[in-house]
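Encoded as structure tokens, the structure appears first; notes follow it.
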Amino acid sequence: MAEEKDLLCRIMDRLGLPAESSRRGFLLSALGVTGVTAAMAWGQKSEKAPFVILENAAGMLVTDSTRCVGCRRCELACTEYIDGRAQPALARIKVARNHNFGPRGQRAGFGRSAGEFGNFRILQDTCLQCPHPVPCSVACPHDAIVADGKIKARRVDPKKCTGCRLCLHSCPWEMMVFDEQAKKADKCFLCDGKPECVEACPSMALRYVSWRDLTHETPIRQAVPAALRDPKAAGCIGCHELNLERGHRTAPGAQ
């Protein structure tokens, strides 16, 4: 109990909450249940150096919404190849959720956004294979999200995944999936460099290309709780500051 109280105090201090706040008040704050779960999971971790992914992926998926016809064959191909069953809801590429009203959903209003009830553009959502710091990997308290050895795609190691679902809340683009049968999280790993969704698309609306950072160009779908962003990222600060200091020392004209 004492350890839990101490951890709670440290979390509140980290988030800038007043020390005299009650425990109930803290739980009702913006951090919410997800943040508490993340904090407790991280509080139970050892003090070893944080695991971080530094390498960029070799490739990524890009989409062309002007070509997509909304057939969702890509979703079927994804789950049939990875999971051995046709379950589009588990697909690592997302088309169905944008099909009717686009990413903004019904709040955009009828005929005012994308989708069948808007401008008829079907938007496909794909994993961006984020650069460092990788949000889903940063949030995982069990280091279960790693860079694949072949193409450095970010993937879930099922042996390490405990099904805590923190990664689902950490992805700003909501690209993590959860298999209720296996009780494991998963994500796109580009099918080891030969994406099945690309092969299955009849209208050539998907392409596998060399990686580039699109994280700053792609609108997010959900806000990520601070408790899921900070733990490993905070452990990287010293490294970044050291590299910055070295850069200043080696810069032309440096004393």
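The values are calculated or read from the model by the stated rules, or taken from the named source; none is laboratory data. Just so it is clear, the model here is predicted, and its values are computed rather than measured. Every residue, glycine among them, receives a Cβ derived from its backbone with ideal geometry; neighbour counts consider all protein chains shown.
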> What is the one condition in (1) modelled with pLDDT under 95; (2) in a loop (DSSP other than H, G, I, E, B); (3) over 20 Å from the mean Cα position of the chain (by Cα) that Gly84 does not satisfy?
Replying inline: (1)
> Among the residues of the stretch 190-211, is any within 11 Å of the chain's Cα centre (by Cα), more than 23 Å from Arg72 (Cα to Cα) and surrounded by 17 or more Cβ atoms within 10 Å (Cβ to Cβ)?
Replying inline: no
> Got a number for residues in the stretch 61-76 being surrounded by fewer than 19 Cβ atoms within 10 Å (Cβ to Cβ) and hydroxyl-bearing (Ser, Thr, Tyr)?
Replying inline: 2
> Can you tell me which residues in the stretch 43-74 are of a type in the set (A, V, I, L, M, F, W, C) and either farther than 18 Å from Cys161 by Cα or modelled with pLDDT under 50 (or both)?
Replying inline: Ala49, Leu54, Ala57, Ala58, Met60, Leu61, Val62, Cys68, Val69, Cys71, Cys74
> Right, Cys188: modelled with pLDDT under 95 and hydrophobic (A, V, I, L, M, F, W, C) or not?
Replying inline: no
> Only one of (1) farther than 25 Å from Leu214 by Cα; (2) touching a residue at least 12 places away in the same chain (Cβ under 8 Å) fails for Lys152. Which number is that?
Replying inline: (1)
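Residue-wise test of (1) at pLDDT below 75; (2) in contact with a Phe, Trp or Tyr (Cβ under 9 Å, 6 or more places away or on another chain).
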{"position": "Cys201", "(1), (2)": "no, no"}
{"position": "Val209", "(1), (2)": "no, no"}
{"position": "Thr215", "(1), (2)": "no, yes"}
{"position": "Pro225", "(1), (2)": "no, no"}
{"position": "Arg249", "(1), (2)": "yes, no"}
>> Kindly evaluate Ala205 against the criterion of being among the small types (Gly, Ala, Ser), modelled with pLDDT of 95 or more and touching a Cys at 6+ places or on another chain (Cβ under 7 Å).
In response: yes
> Is at least one residue of the stretch 116-132 farther than 21 Å from Asn100 by Cα, acidic (Asp, Glu) and not in a helix (DSSP H, G or I)?
Replying inline: no
> Pro141 fails exactly one of the following numbered conditions: (1) at pLDDT 95 or above; (2) closer than 19 Å to Arg229 by Cβ. What is the number of that condition?
Replying inline: (1)
> Out of all the residues in the stretch 176-208, which are aliphatic (A, V, I, L, M), closer than 27 Å to Ala139 by Cα and out of contact with any Leu (no Cβ under 8 Å at 6 or more places or on another chain)?
Replying inline: Ala182
>> Looking at the structure I just gave you, is Ala77 under 21 Å from Thr218 (Cβ atoms), at pLDDT 90 or above and among the small types (Gly, Ala, Ser)?
In response: no
